[in-house]
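One structure is given here, and the rest of the page talks about it.
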Amino acid sequence: MKKIPVTCALILLGLNFLLAQQFAIPYGKTDKKILDDFMNQRLGMFIHWGPVTLRGTEIGWSRNQEVTQNDYDSLYKEFNPVLFNADEWVKTAKGGGMKYLTITAKHHDGFCLWPTAFTDYNIMNTPYHKDIVGALAKACKKYNIKFCIYFTVLDWYNAYYPSHNNGNKEPDPKADMNQFVRFMKNQLKELVQSYHPYMLWFDGNWEKPWTLSYAKEVYAYLKQLDPEVIINNRLGKNAHDMLNEESVGDYATPEQKIGKLNMSYPWESCITLCNQWAWKPNDKMKSLKQCIYTLASTSGGNGNLLLNIGPMPDGRMENRQVKRLKEMGDWLRKYGASIYSTKGGPFIPDSLSASTRKGNKIYIHLFQKKENVFYLPPIPGVKIVKAYFLNGNPITYGQDRQHIALNLPAILPDENDAVVVLEMDQNVERLPVIAKSE
Ligand code: JFZ
């Protein structure tokens, strides 16, 4: 008789422990299902845009540097991107295989691309006089692309914010952070309620005036406005490429680098197609191979890629960049099964290859051929039952206790990333990660 309650208690204790394990990471409050869905998208388009493109210098950062503060802050009076066409941008994203789009509604320079009621420094006071954020939100809905908003915390233009320049050491005595946070919440409420973003991409969290307690306050405020909105980790104060107890937000944001393989929390690398975030004439552009390598390697590390485009001051995206995205889209239309809705691993990615997996399939992304045989470590207890290139070409293989060996053809069937499918004798999505010894 006594044994039953004890067993019950033990089971309950065990359950509790399991639950506690699962929810032990207090960084975000967004449903796991929503975040899993976000991570299935794998590729999004980042857009950095604003009046600064009239000078071709970096958004926010060139204020008071290459461009004088006065000049920078007056550029909006000339900003008239008459060739802006939201449908075109969104179609470009879609054709590039991108599943979501993130626009800089407000960057560090404080200029707002939507008709905010809380500052005059916005698109309605430019000669263009039309809501850019709204137009993009609408076009995204039309083409089934998830619409997301970039919003900076630090705002060097706003009088309430204590620093008015990059590197301002002395806080403005007239500034008032409590007022600023009120202003920020008002703007965020506007954005959430007018455009219903799928995700909010915060930034500019590193300056002193912004504290962890403000971050928690704003996170809670947003979750009360929309419990489903996804929020990146740049509200909190910890390093961008990490997610831990000190983070506020749902996923990590390594910048200008491919994130490390990580199966335990969501992450998204943000990387520019050219060098500058905002448009720069004749900026160096990444090759198609680099783009595909970057995408396959982020997927291989179990992360997303937010690939940035800087549109021109007249409202168009550069032809060569649009063409590059189209080429990525063409690759994805052939090989998308090895990217979308996959998990990273089980093998740790490197410069030669990355792997992704779904169900009983492992996709090996081969970026280059070094030797005639490509070796992988064996997977304990798991066997290959079939192998072929994703484009249909055959491949022969061997497997024993020491290794998996793929016999490569003279020339790989895709010069950017030839994908080999390994069909395994069981589901491999939860296999532990395996290090490759090079
Ligand atoms: C930030 C922005 O400043 C940048 O303009 C862009 O929007 C990117 C996506 O995010 O990048 C940073 C963040 C921090 C530093 C530099 C760039 N920093 O602390 O030097």
| message | Tally up the residues in the stretch 139-165 that are open to solvent by 40 Å² or more (accessible area, probe 1.4 Å) and part of a strand (DSSP E or B), please. | response | 1
| Of Ser297, Ser341, which residue is within 29 Å of Arg234 (Cβ to Cβ) and either open to solvent by 10 Å² or more (accessible area, probe 1.4 Å) or among the aromatic types (Phe, Trp, Tyr) (or both)? | Ser341
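Can you pull out every residue in the stretch 63-83 that is part of a loop (DSSP other than H, G, I, E, B) and touching a residue at least 60 places away in the same chain (Cβ under 8 Å)? Break it down into steps so the answer makes sense when it comes.
Taking the stretch 63-83 and keeping what is part of a loop (DSSP other than H, G, I, E, B), we get 64-66, 68, 79-83.
The answer is Asn64, Gln65, Phe79, Pro81, Val82, Leu83.
Working only within the stretch 119-138, note down all residues that are of a type in the set (A, V, I, L, M, F, W, C) and either in contact with a Leu (Cβ under 9 Å, 6 or more places away or on another chain) or surrounded by fewer than 16 Cβ atoms within 10 Å (Cβ to Cβ) (or both). Even if it seems obvious, please write down each step before you answer.
First, the residues of the stretch 119-138 that are of a type in the set (A, V, I, L, M, F, W, C): 123-124, 132-133, 135-137.
Ile123, Met124, Ile132, Val133, Leu136 - these are the residues of the stretch 119-138 that are of a type in the set (A, V, I, L, M, F, W, C) and either in contact with a Leu (Cβ under 9 Å, 6 or more places away or on another chain) or surrounded by fewer than 16 Cβ atoms within 10 Å (Cβ to Cβ) (or both).
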| query | What number of residues within the stretch 110-132 are among the hydrophobic types (A, V, I, L, M, F, W, C) and either part of a loop (DSSP other than H, G, I, E, B) or within 16 Å of the ligand (Cβ to nearest atom) (or both)? | reply | 6
| query | Are there any pairs, at least 6 apart or on different chains, whose C-beta atoms fall under 8 Å, with the first in the stretch 200-224 and within 20 Å of Asp109 (Cβ to Cβ) and the second open to solvent by 30 Å² or more (accessible area, probe 1.4 Å) and at pLDDT below 95, and if so, which? | reply | Asn205/Lys237; Trp206/Lys237; Lys208/Pro171; Pro209/Pro171; Trp210/Lys237
| query | Does the stretch 176-187 contain at least one residue that is among the aliphatic types (A, V, I, L, M), touching a residue at least 24 places away in the same chain (Cβ under 8 Å), closer than 22 Å to Asn64 by Cβ and open to solvent by 20 Å² or more (accessible area, probe 1.4 Å)? | reply | yes
| said: Criterion first (under 22 Å from Asp37 (Cα atoms), surrounded by 18 or more Cβ atoms within 10 Å (Cβ to Cβ) and touching a residue at least 40 places away in the same chain (Cβ under 8 Å)) does Leu366 satisfy it? | reply: no
| request: Mind listing whichever residues of the stretch 240-273 are away from the ligand (no atom under 11 Å from the Cβ), of a type in the set (A, V, I, L, M) and within 10 Å of the chain's Cα centre (by Cα)? | output: Ala252
| message | Yes or no: the stretch 221-233 includes at least one residue that is open to solvent by 60 Å² or more (accessible area, probe 1.4 Å), away from the ligand (no atom under 13 Å from the Cβ), outside any loop (DSSP other than H, G, I, E, B) and farther than 30 Å from Met312 by Cβ. | response | yes
| said: Being within 30 Å of Lys99 (Cβ to Cβ) and in contact (Cβ under 8 Å) with a residue 12 or more places away in the chain: is that true of Arg357 here? | reply: yes
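Please verify whether Trp331 is in contact with a Gly (Cβ under 6 Å, 6 or more places away or on another chain) and aromatic (Phe, Trp, Tyr), treating the condition exactly as stated. Reasoning before the result, please.
Details: in contact with a Gly (Cβ under 6 Å, 6 or more places away or on another chain): no; aromatic (Phe, Trp, Tyr): yes.
Judged against the criteria, Trp331 is not a match.
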| Hey, any hits in the stretch 200-218 for a residue that's out of contact with any Phe, Trp or Tyr (no Cβ under 7 Å at 6 or more places or on another chain), within 16 Å of the ligand (Cβ to nearest atom), among the aromatic types (Phe, Trp, Tyr) and open to solvent by 10 Å² or more (accessible area, probe 1.4 Å)? | yes
| field | Test set (1) of a type outside the set (Asp, Glu); (2) touching a Phe, Trp or Tyr at 6+ places or on another chain (Cβ under 8 Å); (3) away from the ligand (no atom under 16 Å from the Cβ) - His107 fails condition number | value | (3)
| field | Positions within the stretch 230-259 being farther than 16 Å from Val153 by Cβ and β-branched (Val, Ile, Thr), in sequence order | value | Ile230, Ile258
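State yes or no: is Pro281 more than 16 Å from the ligand (Cβ to nearest atom) and more than 19 Å from the chain's Cα centre (by Cα)? So that I can check it myself, show each step before the final result.
Working: more than 16 Å from the ligand (Cβ to nearest atom): yes; more than 19 Å from the chain's Cα centre (by Cα): yes.
Taking the combined requirement at face value, the residue satisfies it.
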| Flag if Ser287 is out of contact with any Ser or Thr (no Cβ under 6 Å at 6 or more places or on another chain), surrounded by fewer than 24 Cβ atoms within 10 Å (Cβ to Cβ) and modelled with pLDDT under 95 | no
| field | Any hit, the stretch 84-96, residues being under 24 Å from Asn304 (Cα atoms), small (Gly, Ala, Ser), in a loop (DSSP other than H, G, I, E, B) and open to solvent by less than 10 Å² (accessible area, probe 1.4 Å) | value | yes
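Restricting attention to the stretch 45-62, and to residues there that are in a loop (DSSP other than H, G, I, E, B) and in contact with a strand residue (DSSP E or B) (Cβ under 8 Å, 6 or more places away or on another chain), which single residue is farthest from the ligand (Cβ to nearest atom)? Step through it out loud before you land on a result.
Taking the stretch 45-62 first, the residues in a loop (DSSP other than H, G, I, E, B) are 48-50, 55-62.
Filter once more, keeping what is in contact with a strand residue (DSSP E or B) (Cβ under 8 Å, 6 or more places away or on another chain): 48-50, 55, 57, 59-60.
Details: His48: 6, Trp49: 11, Gly50: 11, Arg55: 15, Thr57: 12, Ile59: 6, Gly60: 5 Å.
Filtering first and then ranking leaves Arg55.
Please enumerate the residues belonging to the stretch 60-83 that are within 25 Å of Leu305 (Cα to Cα) and surrounded by fewer than 23 Cβ atoms within 10 Å (Cβ to Cβ). First the steps, then the outcome.
From the stretch 60-83, those within 25 Å of Leu305 (Cα to Cα) are 60-61; that's our starting set.
Scanning the stretch 60-83 gives a single hit, Trp61.
The values are calculated or read from the model by the stated rules, or taken from the named source; none is laboratory data. Small disclaimer: the values here were computed from a predicted structure and weren't measured. Note: ideal-geometry Cβ built from the backbone for every residue, glycine included; neighbour counts use all protein chains shown. Remember, those area values only see protein heavy atoms, side chains included, never the ligands or the DNA or RNA. Shrake-Rupley method; radii C 1.70, N 1.55, O 1.52, S 1.80 Å.
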